[in-house]
Amino acid sequence: MLDSLKKKKGKRHCEMKLGLDRRLEPCSFTSEHVWWRGIVDLVIVDGEKAWIVDYKTSKSALYADKGQLELMALATFRYFPNVKKINAGLLFVVSNNFIAETYTSDMIVKLWKKWFSNFKRMKTAYEQDIWNAHPSGLCKRHCVVVECIHNGSN
Ligand code: SF4
C-alpha cells in the first residue's frame, strides 16, 4: 500500500494541519478565527485529483470511522479549489486494511449540510448539557465509559 502511495505523482503534504473559519475559508490551524481543525497524515495533490490518507494503529478496521474522511476531504476541497476528485483512505497499519472512499466536488454541498446538521445537534447538547447515549458496535468491548448502561462491562 505504501509503495502504491509512493508511486503517485503530485505534491505531497505530510501531517498537514488544516484550519477553516466560520465561513469555511482556510485559515491557520492556530488562528484566533479558526472554527474547525483537522490534521491529515498524507495529502497528495495532482491537478484536479488528490489523495488523502490517515494512518490508524488500532488492531481492527471493523469500526472504521469514515466520517473523519468526509471532513478531511471537505477541508481539502477548500484548501485546493482546483481539486475535483479525492480518493481517501484509512490505512490500518497493524491489521493491514485499507478503508477507501471517493469524494467528488458535486458532493460538497450535501456533505456540508449533513455536518452542519450534526453540529447543530452537538451545539444543542452542549447548550442544554444533555448527552444521550447512542449505542454502537463500540459499546460491548471498546468503550471506556463504564458508567454507561450500554457498556459491555455492566
Ligand atoms: S457504552 Fe460507550 S459507545 Fe456505547 S452508548 Fe455508552 S458511551 Fe456510547
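The values are calculated or read from the model by the stated rules, or taken from the named source; none is laboratory data. In this text the structure is predicted, and so the values were computed from the model without any measurement. Please note: Cβ atoms are built from the backbone with ideal geometry, for glycine as well, and neighbour counts cover all protein chains shown. Ligands, DNA and RNA are stripped out before the accessible areas are found, and what is left, the full protein with its side chains, is counted by its heavy atoms. Shrake-Rupley method; radii C 1.70, N 1.55, O 1.52, S 1.80 Å.
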- Positive-end residue of ASN87, GLY19, MET72, charge dipole of the stretch 2-128 with Cβ unit charges: ASN87
- Among TRP36, LEU62, ALA50, flag the residue with its Cα farthest along the positive direction of the charge dipole of the stretch 16-64, charges on Cβ as +1 for Lys/Arg and -1 for Asp/Glu. LEU62
- Can you work out the accessible area per residue across the chain, with the rest of the protein chains kept in place, probe 1.4 Å, in square angstrom? 68 Å²
- Query: Reachable lysines from LYS8, Cα under 22 Å, same-chain residues fewer than 8 places away excluded?
  - Reply: LYS17, LYS49, LYS56, LYS84, LYS85
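With each run of n ≥ 4 DSSP H residues scored as -39500 (n - 2.57), what mean residue ellipticity at 222 nm is computed for the chain after dividing by its residue count and rounding to the nearest 500 deg cm²/dmol?
After summing the helix terms and dividing by the residues of the chain, the value is -8500 deg cm²/dmol.
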- Counting only DSSP beta bridges with both residues in the chain, tell me the antiparallel percent, nearest 5. 75 percent
- Message: How tilted is helix 108-128 with respect to the longest principal axis of the chain? Cα atoms for both, answer in degrees (0 to 90, nearest 10).
- Response: 30 degrees
- Give, to the nearest whole percent, the P(r) tail of the stretch 8-82 beyond 16 angstrom, counting all Cα pairs. 52 percent
- Message: Less than 16 Å apart at the alpha-carbon level, and either on another chain or at least 8 residues along: which lysines does that give for LYS114?
- Response: LYS66, LYS123
- Note on the structure: Rounded to the nearest 10 degrees, the helix 66-79 long axis (Cα) sits at an angle to the longest Cα principal axis of the chain of 40 degrees
- Quick one: putting +1 on the C-beta of Lys and Arg, -1 on the C-beta of Asp and Glu, what dipole do you get for the chain around its Cα centre, in Debye to the nearest 20? 440 debye
- Task: Would you work out what percent of the accessible area of the chain, with all protein chains in place, is carbon or sulfur (probe 1.4 Å)?
- Result: 55 percent
- Item | Extreme residue, positive dipole direction of the stretch 92-154, given options PHE119, MET107, VAL145 (C-beta unit charges) | MET107
- Shape call for the chain from the C-alpha gyration tensor, a ≥ b ≥ c root eigenvalues: rounded (a/c under 1.5), prolate (a/b greater than b/c) or oblate? oblate
- For the stretch 23-40, Karplus couplings with θ = phi - 60° (6.51, -1.76, 1.60), whole Hz, Gly/Pro x: 8, 6, 8, x, 8, 5, 4, 9, 4, 5, 9, 5, 10, 10, 9, x, 10, 9
